[in-house]
Structure formats: C-alpha cells, structure tokens
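A quick write-up on the structure given underneath.
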Amino acid sequence: MNRLSLAFGRLLDALAIVAALILLAMVIVVTADIVLRNTVSGGLTWANEVSEYSLYLMTLLTAPWLLRRGQHVRLDIVLTIVPPRIAWLMEAVGDLLGFCISVILVRYGAAMAYDSWRLGAITIKNLVFPEWWLLAPLPIAFVLLAIEFVFRFDRLLRGERARRIEATSVS
C-alpha cells in the first residue's frame, strides 16, 4: 500500500506541475491581452474566457495534491482543543465522509459529462466547443480525491492515535 501511495503522490505532484504551467500560460496570455489593448486598441477577445477555464482546471488539478499535503481548506481549531484520541476520530470520520462525497461527485460528474456528450451540448461564448470538455475533468478529479482519501485513511490507521501534524495551522 505504501508503494502505491508513493506512486500516487508522484502523479499528484505531476498534476500540480501541470497546473503551475497552466498558471504561467494564463499570466502570459492576460499580460499579452493587456499590452495589446493598450497599444493597438485590440486585445485577445478570448483571454478572459480562457482564464476562467484555466482557473477551474487548475483547481481540479491541485485539489488532490493539496489534500495529500494537508494544505486544503479546513477548520482546524477544534482539532487543537479536543483530546488527541477524539481529534484522531474526527480525522477518520472526515476522511470517510470525504471519500463518500467524492464518490458521489464522481457519479454525478460523470453523468453530467456523459449527458452533455450524448446531447451534443456546446458552450457558446467567445470560444465555441463541446460542453463535455469542461465537465470531463470533474469526475476525474474526484476519483483522484477519493483515492487520496483512501490513502489518508490508511496512513491515519497506521499512525499514532492523535491529530495529524499537518492537520492544524495552530499549535
């Protein structure tokens, strides 16, 4: 299980690098758009739309990576107040709930992407393309999140019965 977890961690690291490259490309496109609008009174009409889609994709690419690193958004003050065993139990419940919710979102995300593909729905703004292109990354990201919740739960079971070290931002 540990070897699988390490390989999965490398995959998540690679996805985070892809997200960083998307961010770099987005910065370049937005900068070019601003420069063009201010110098030749015509910019890249699609730049804002591509930025919106890029932010969405970067969020999906980095969510499992952030979860693995314990840097996802969470309310951790309670974990510092309760006894270590209760904090551990809260972590376990959180991992199980996260897994269940991720699986539910995989199911609905896949259904939405499939329905969009089946109906031939298209997104029409400055760019025109099949809507399922936007929806397809959603179930994939939640599969990755569900897998990471399994690995988190495994690490929790094998570790000390206390709150996770990365779990809190307060001491």
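Each value in this text was obtained by applying a stated rule to the coordinates, not by laboratory testing. Predicted model only: the values in this text are computed from it and were never measured. Because the Cβ atoms are built from the backbone with ideal geometry, glycine has one as well, and the counts that use them run over all protein chains shown.
Around the amide H of residue 123, modelled in the peptide plane, lie the amide H atoms of 129, 131, all under 5 Å away and 5 or more residues distant in sequence or on another chain. Sorted on the mean count of surrounding Cβ atoms within 10 Å across their residues, most packed first, peptides 63-71, 101-109 read 63-71, 101-109.
In the stretch 1-88, inverting the average of 1/r over every pair of distinct C-alpha atoms gives 16.0 Å as the Kirkwood radius.
For the peptides 88-100, 39-51, the ranking by packing is 88-100, 39-51, with the highest mean count of neighbouring Cβ atoms within 10 Å listed first. Here the 3J(HN,Hα) profile of the stretch 33-44, calculated from phi with Karplus coefficients 6.51, -1.76 and 1.60 at θ = phi - 60°, is 4, 5, 4, 5, 5, 8, 10, 10, 6, x, x, 8 Hz, Gly and Pro shown as x. Helix-only arithmetic for the chain: the sum of -39500 (n - 2.57) across DSSP H runs with n ≥ 4, divided by the residue total, places the mean residue ellipticity at 222 nm at -26000 deg cm²/dmol. Most tightly packed first, judged by the mean number of other beta-carbon atoms within 10 Å of their residues, the peptides 132-138, 142-148 read 142-148, 132-138.
With Cα atoms as the point set, the stretch 100-161 shows a radius of gyration and Dmax of 16.2, 53 Å. Mean projection of the Cα convex hull over all viewing directions, computed for the chain: 12.3 nm².
For the chain, the dipole from Cβ point charges (+1 on Lys and Arg, -1 on Asp and Glu) about the Cα centre works out to 520 debye, to the nearest 20.
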